[in-house]
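For reference, the structure discussed in these notes is given below.
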Amino acid sequence: MSRVFVTRRIPRVGLDRLAEESVRVRVGQPNDEAPVPRAVLEDGVRWCEVLLSLLTEPVDRALLTLNPALRGVANYAVGFNNIDVDAATELGIPVSNTPGVLTDTTADLTWALILAVARRIPEAHAYMTAGRYKLWGPNLLLGADVSPGGSGRRKVLGVIGYGRIGAAVARRAVGFDMDVLAYDPHARDRIDAAEHVRWAELDELLRRSDFVTLHPLLTPETRHLIDTRALQLMKRTAYLINVSRGPVVDEAALVHALRSHRIAGAALDVFEDEPAMAPGIAECDHVVLVPHIASASVDTRERMAVMAAENALAHLAGERAPNVINPEVYKSPAYRARLAHRR
């Protein structure tokens, strides 16, 4: 019987899909709020033929070398910076992810954060639940317009990273009568071809935008893309929103910018040293902080589980996974050797 090790509990529909094919499944950590101990992770990799991992588990070279019969890694996430893909390719291990399905859900959460931080929704909620609302007044919890609003000025949305999610965020800006600037050195043609979007170099985007949303992949080039210099380029009235990967932002620099009122506010779904937050950020004014919930709708998370299961089944069968991210591996002698390995 084929064996899949699932590092942490995923929605039931994904496990049911594996069960339909008589796959034996072991879940390393059933507690949603607890990490997987390294020893449990290593034991699971030795036991299985396919590893179904979450982005919370580091799948490094040392882990991948533990099992010469490991046929693939199916990551339950669109991102895969938790996996040493170069090592996996060298070792003949295909790696897959779950792209596309979470595009709209993540774009929706981006807009929820934009509106929440601009209109101070969390502060207003806390104000009400604390019993502080005694009398309406014209200076109560003043925020910023996203639409032209009272001034009639069209606001500028700056989108950094113009993949599926960045493009979906930009499309939603049309309904708010915003001007949209976009920067992505790998997507200049797509930006130029898009309606209601204009290409801008990074510095121009930062200087002109009222709201800057981050959607790049995490690479050596994008790590700390938003640093002290970038924050100093932004308007004092501007807001920063990050739903990509935490290390894209230098959180210590962001804390300083918020404390010194260098920018108006920030909303973060991801953190540089997740789940920890940079010291002081929780105490800053005009911040909205949520626990990595960009894809957290029932429909989306269930679809991701099924996609991860389908990828895992392809790995087990020695077939090209629907969402493989290192397809060159299938032509390698190392991959053929894994298929020939019998436990």
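The values are calculated or read from the model by the stated rules, or taken from the named source; none is laboratory data. Treat the numbers as computed from the prediction; the structure is a model and nothing was measured. Because the Cβ atoms are built from the backbone with ideal geometry, glycine has one as well, and the counts that use them run over all protein chains shown.
Listing for the model above:
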read-out: Condition check for residue 330: over 23 Å from residue 146 (Cβ atoms) and surrounded by fewer than 19 Cβ atoms within 10 Å (Cβ to Cβ); value: yes
read-out: All positions within the range 315-338 that are in contact (Cβ under 8 Å) with a residue 24 or more places away in the chain, over 15 Å from residue 88 (Cβ atoms) and aliphatic (A, V, I, L, M); value: 316
read-out: Answer from 307, 277 - the residue that is surrounded by 15 or more Cβ atoms within 10 Å (Cβ to Cβ) and over 22 Å from residue 51 (Cβ atoms); value: 277
read-out: The range 170-192 residues that are touching a residue at least 60 places away in the same chain (Cβ under 8 Å), paired with ones that are among the aliphatic types (A, V, I, L, M) and crowded, with 19+ Cβ neighbours inside 10 Å (beta carbon under 7 Å, 6 or more apart); value: 172/107
read-out: Answer from 118, 112, 107 - the residue that is buried (at least 16 other Cβ atoms within 10 Å of the Cβ), in contact with a Lys or Arg (Cβ under 7 Å, 6 or more places away or on another chain) and in the same structural domain as residue 237 (by TED's automatic domain parsing); value: 107
read-out: Condition met for residue 134 (among the basic types (Lys, Arg) and without any contact (Cβ under 8 Å) to a residue 24 or more places away in the chain); value: yes
